[in-house]
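Q: First the structure, which I've put down as structure tokens, then a few questions once you've had a look.
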Amino acid sequence: MFRPKLPDVPALPTTTVTPQHMQAPAPLAGRPVAPYVGVGAGAVAAVVVVGIVLTALLAAVAISAVSVAIAAVVLRSLVSSTHQR
């Protein structure tokens, strides 16, 4: 009652197909092949993106180092001023 009724699978035809072998045309000498141009442009874009990301990470590390150095100087001055009093 709750089982779905599946349609009957039709019988497949039993004809045989013979593959035809065709030779690919030879590339012309002296002309650049188009897919390699696309790969080169994609590679250049990937290198540019990776360079931008690495530059941003380097800037973030430098800003963090400067802020930690400033905090260390402030804490050192606070500690040294309490010892002098």
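Q: How much length, in nm to one decimal, is gained on full extension between residue 77 and residue 44, taken as 0.36 nm per residue of separation minus their Cα-Cα distance?
A: Using 0.36 nm per residue and subtracting the Cα-Cα distance, I get 6.9 nm.
Q: OK, next. Which percent of the accessible area of the range 36-75 is formed by carbon and sulfur heavy atoms (probe 1.4 angstrom)?
A: Ligands and nucleic acids excluded, carbon and sulfur reach 91 percent.
The values are calculated or read from the model by the stated rules, or taken from the named source; none is laboratory data. Quantities reported herein were computed from a predicted structural model and do not represent experimental measurements. Remember, those area values only see protein heavy atoms, side chains included, never the ligands or the DNA or RNA. Shrake-Rupley method; radii C 1.70, N 1.55, O 1.52, S 1.80 Å.
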